[in-house]
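Student: Take a look at this one; I'll ask things after.
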Amino acid sequence: MRNPQSPVQKLSVERLPVAAVIINPGKFSRRTQLEEFAQFITQCFIAEGWSQPIFMETTAQSRGTAEALQAQTLGVDMVVAAGGDGTVRTVAEQLIGAQTPLGILPMGTGNLLARGLGIPRRALGQAVSVICQGDTQLIDAGWLEVDREDSGQFAERHLFLVMCGMGFDAAVVAGAGENLKRQLGHAAYIVSAFSSIFRPTGATTVSNEHGMQRSKSTRGVMVGNFGTLTMGLRIMPQADPSDGLLDAITLAPHTAVDWARLIWDVATGQANSRKYVTRTRGQSIEVRSALQEPLQVDGDWIGAAYGYRCTLQPQSLMIKCPNARNPRHEAPALQSGMTA
């Protein structure tokens with residue numbers, strides 16, 4: 001008879017951890033690609049010492065909401081969002097305040113949250129390693145409330161984990177539609193940005209819970225939990241997703257020279273340094289515009305509004321992030337998607 005304390009017997013009676021992987025099937029042009037993806041991800045989880053994952057596909061109706069709720073009822077050890085920023089946000093919303101961590105397999109164009117956390121975006125095998133062996137971090141959840149009719153009433157509520165914005169940044173997101181992103185990738189945002197630079201400006205007021213108000217004619221206002229945009233541009237270098245504070249950036253360049261300086265400042269991490277960029281911090285930030293402006297949340301365009309209010313739910317989402325001591329968790333500079 002084997003020693004009851006032997007490692008072999010322990011492995012035979014202990015349950016291996018299991019993850020539910022919620023996939024956006026729209027990221028695959030053919031069914032066979034999705035099946036190959038699931039097979040590859042299964043191999044990666046097993047190689048990390050986990051059980052075969054449970055795969056669930058989002059639908060046009062649920063977009064991941066029903067699947068995330070079902071995954072929790074199954075008692076899985078991890079809920080993984082496999083898709084773009086929209087899928088990640090939808091799945092994450094069902095995990096706010098829960099004890100089940102969120103893992104990310106980044107498969108979108110922007111991948112803003114994965115980028116902010118340092119999760120490898122070009123090697124899914126490494127992303128699985130982060131899910132299985134990475135650190136668990138508690139981050140703040142942001143809530144965006146929208147006033148579309150200039151009524152002073154906030155009738156909608158959206159979760160954001162990275163940033164939201166009204167004006168220029170939302171116009172860029174709106175202009176970079178799915179077809180353009182499919183054709184050009186990140187370059188779709190550059191094309192859209194050039195067509196959005198000289199949009200009409202309106203008088204905008206930004207205020208926080210302390211009553212501080214700043215009013216000026218702006219190109220846009222962004223409120224963030226993380227400070228990194230697509231292509232790694234750090235628009236809010238001081239933003240910290242776990243400090244219980246929101247950071248807001250007001251953009252007010254008016255000439256081509258102003259825009260050139262702003263782009264340089266963002267590229268070099270000095271986005272707060274000039275007179276046409278002002279910064280506000282707070283637990284609650286409200287933005288109002290004289291014009292109805294486009295609005296985005298975590299890189300998704302959600303229509304137009306006259307105002308919005310952002311609040312925080314501090315340290316309410318458990319999420320897996322890279323372990324700095326594990327060399328496999330470093331994001332590769334240039335690699336294709338399905339590499340282990």
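Values quoted throughout were computed directly from the atomic coordinates according to the rules given, and no laboratory measurement underlies them. Because the structure is a prediction, the values reported are computed rather than measured. In this analysis, Cβ positions are derived from the backbone assuming ideal geometry, glycine residues included, and neighbour counts consider all displayed protein chains.
Student: Suppose every Lys and Arg Cβ carries +1 and every Asp and Glu Cβ carries -1, with no other charges. What dipole size does segment 141-314 come out with about its Cα centre, to the nearest 20 debye?
Tutor: On the way: 16 positive and 17 negative charges, 115 e Å.
Dipole of segment 141-314, to the nearest 20 debye: 560 debye.
Student: A further question follows. Could you rank the peptides 47-55, 74-82, 112-120 by their average count of other C-beta atoms within 10 Å per residue, with the highest value first?
Tutor: Numbers: 47-55: 16.6, 74-82: 21.7, 112-120: 23.2.
My ranking of the peptides, most packed first, is 112-120, 74-82, 47-55.
Student: Another question, then. Expressed as a rounded percentage, what relative contact order does segment 59-200 have, with Cα pairs under 8 Å and six or more residues apart?
Tutor: Details: 156 pairs, mean separation 21.8, N = 142.
Result for segment 59-200 is 15 percent.
Student: Sort the following peptides by mean Cβ neighbour count (other Cβ atoms within 10 Å, averaged over residues), highest first: 84-96, 162-174, 235-247.
Tutor: Details: 84-96: 23.2, 162-174: 26.5, 235-247: 18.6.
Result, highest mean Cβ count within 10 Å first: 162-174, 84-96, 235-247.
Student: Given contacts defined as C-alpha pairs under 8 Å and at least six residues apart, what's the relative contact order of segment 15-134, whole-number percent? Provide the component values of the computation, followed by the final result.
Tutor: Working: 187 pairs, mean separation 33.4, N = 120.
Relative contact order comes out at 28 percent.
Student: Sticking with this structure for a sec: Under the rule of at least 5 residues apart or a separate chain, name every residue whose amide H is placed under 5 Å from the amide H of GLU57.
Tutor: ILE23
Student: Could you sort the peptides 282-292, 254-264 by per-residue average Cβ neighbour count (10 Å cutoff), highest mean leading? Provide the component values of the computation, followed by the final result.
Tutor: Values: 282-292: 19.5, 254-264: 14.1.
Result, highest mean first: 282-292, 254-264.
Student: Now for a different question. For the residue pair ALA260 and GLN72, what label-to-label distance in nm results when each label sits 7 Å from Cα along the Cα-to-beta-carbon direction?
Tutor: Rounded to a tenth, the inter-label distance reads 5.2 nm.
Student: Enumerate the calculated ³J(HN,Hα) couplings along segment 190-196 in order (Karplus 6.51 cos²θ - 1.76 cosθ + 1.60, θ = phi - 60°), each rounded to whole Hz, writing x wherever the residue is Gly or Pro.
Tutor: Along segment 190-196, the couplings run 5, 4, 5, 4, 5, 7, 10 Hz.
Student: Can you give the FRET efficiency to the nearest 0.05 for GLN213 and ILE96, using r as the Cβ-Cβ distance and R₀ = 22 Å?
Tutor: Values: r = 30 Å, r/R0 = 1.36.
Computed FRET efficiency for GLN213 and ILE96: 0.15.
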